[in-house]
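Participant: If you scroll down you'll find the structure; I have some questions about it.
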Amino acid sequence: MKWLGTKCIGRFVLSTLFFLFGCNSVQAAPLPPLSTWNDGANKQAIIEYVKEVVSRLPVSQRVVVFDVDGTLIVEKPQPMAMFMGVDHLCEKKKLHPETFTGQVYEQACLRNFTWLDTHLNAVQLTAFLNETADSTRRYGVNYLNKPANPVYQAPLRSLFYLPMADLIEYLLENQFMVYLVSGSDETFVRALVNSAEFDDLDQDKLNIPDSHVLSQTVLLHLNEKDGTFVRTYQFRPPNN
């Protein structure tokens with residue numbers, strides 16, 4: 001994981017010092033577990049719990065589940081996936097206003113979140129309607145890496161809660177199977193935590209397998225003209 005926070009900065013500073021003073025043979029000491037957590041009872045309880053689980057349970061039984069919005073990433077004033085859907089709807093309307101008509105496009109361009117919040121399904125289903133799964137995922141990775149979201153003034157991918165990301169990394173290092181559950185669009189969540197096929201675009205990721213992401217899933221339909229699978233206006237249950 002390539003976090004841009006304190007862990008990465010600390011390693012960079014130590015590596016720079018060793019290089020400047022000719023101590024290339026010396027390796028920087030690894031950071032302790034949960035280094036972004038404050039020392040205290042909660043941190044110690046987690047470390048002891050992980051040790052206890054590892055000592056008595058096989059890898060196949062080490063399973064943990066995390067929520068995404070509001071737990072791993074920021075959720076206010078809107079879930080991140082909402083911004084991506086709204087921005088894409090407005091982009092399409094501006095490019096082809098004669099094709100993309102209707103309330104959801106108009107309200108997206110107005111950024112009327114009072115209306116959009118009550119039509120969340122319409123946003124999720126319409127934003128990438130008839131687009132391929134691969135192109136939607138690539139859009140998601142690009143969107144997450146944009147220099148500055150207008151609301152947060154920072155790339156969305158940098159808005160992880162670092163202590164929670166640190167906890168997930170700690171569990172993965174101890175061979176836990178980590179699952180993420182979310183009401184946000186599946187493509188968005190998977191692009192957020194694991195986009196190995198787009199490493200040229202990625203900055204930070206958790207490397208959670210796609211099969212371990214259970215979230216709002218859009219039904220795909222085979223486009224017989226070119227053999228691609230495109231998104232429909234229908235949800236389906238997760239098939240993980």
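Participant: Return the only residue of ARG190, ARG138, ARG236, ARG231 being loosely packed, with under 14 Cβ neighbours inside 10 Å and either modelled with pLDDT of 80 or more or touching a helix residue (DSSP H, G or I) at 6+ places or on another chain (Cβ under 9 Å) (or both).
Facilitator: ARG236
Participant: Condition check: free of Cβ contacts under 8 Å to residues at least 24 places away in the same chain, of a type in the set (Asp, Glu), surrounded by 13 or more Cβ atoms within 10 Å (Cβ to Cβ) and over 25 Å from GLU173 (Cβ atoms). Does GLU98 satisfy that?
Facilitator: no
Participant: Contact list please: Cβ distance under 7 Å, first residue in region 218-231 and part of a loop (DSSP other than H, G, I, E, B), second residue surrounded by fewer than 14 Cβ atoms within 10 Å (Cβ to Cβ) and not acidic (Asp, Glu), pairs at least six apart or on different chains.
Facilitator: Close Cβ pairs satisfying both conditions: none exist.
Participant: Only one residue in ALA41, ALA29, ALA81 is more than 24 Å from ILE208 (Cα to Cα) and either modelled with pLDDT of 90 or more or in contact with a strand residue (DSSP E or B) (Cβ under 8 Å, 6 or more places away or on another chain) (or both). Which one?
Facilitator: Just a single option satisfies the conditions, and that option is ALA41.
Participant: Show the residue pairs that are 6+ apart or on different chains and have beta-carbon atoms under 8 Å apart, the first residue being within region 166-187 and part of a strand (DSSP E or B), the second being acidic (Asp, Glu).
Facilitator: LEU180/ASP67; VAL181/ASP67; SER182/ASP67; SER182/ASP69; GLY183/ASP69; SER184/ASP69
Participant: Tell me yes or no: at least one residue of region 58-73 is basic (Lys, Arg), over 25 Å from THR232 (Cα atoms) and either surrounded by 15 or more Cβ atoms within 10 Å (Cβ to Cβ) or modelled with pLDDT of 90 or more (or both).
Facilitator: Yes - at least one qualifying residue is present in region 58-73.
Participant: Another question, then. How many residues are modelled with pLDDT under 90 and exposed (fewer than 14 other Cβ atoms within 10 Å of the Cβ) when one looks only at region 212-226?
Facilitator: Total satisfying the criteria: 4.
Participant: Moving on. Taking region 112-135 only, how many residues are loosely packed, with under 15 Cβ neighbours inside 10 Å and closer than 21 Å to LYS146 by Cβ?
Facilitator: Summing the residues that are loosely packed, with under 15 Cβ neighbours inside 10 Å and closer than 21 Å to LYS146 by Cβ in region 112-135 gives 2.
Participant: Find the helices (runs of 4 or more DSSP H) located wholly in region 80-134 whose residues include 3 or more that are in contact with a helix residue (DSSP H, G or I) (Cβ under 7 Å, 6 or more places away or on another chain), and list them.
Facilitator: Per the criteria, 80-95, 103-110, 120-127.
The values are calculated or read from the model by the stated rules, or taken from the named source; none is laboratory data. From a predicted model like this one, the values you see are computed outputs, not experimental measurements. Using ideal geometry, Cβ is built from the backbone for each residue, glycine included, and neighbour counts are taken over all protein chains shown.
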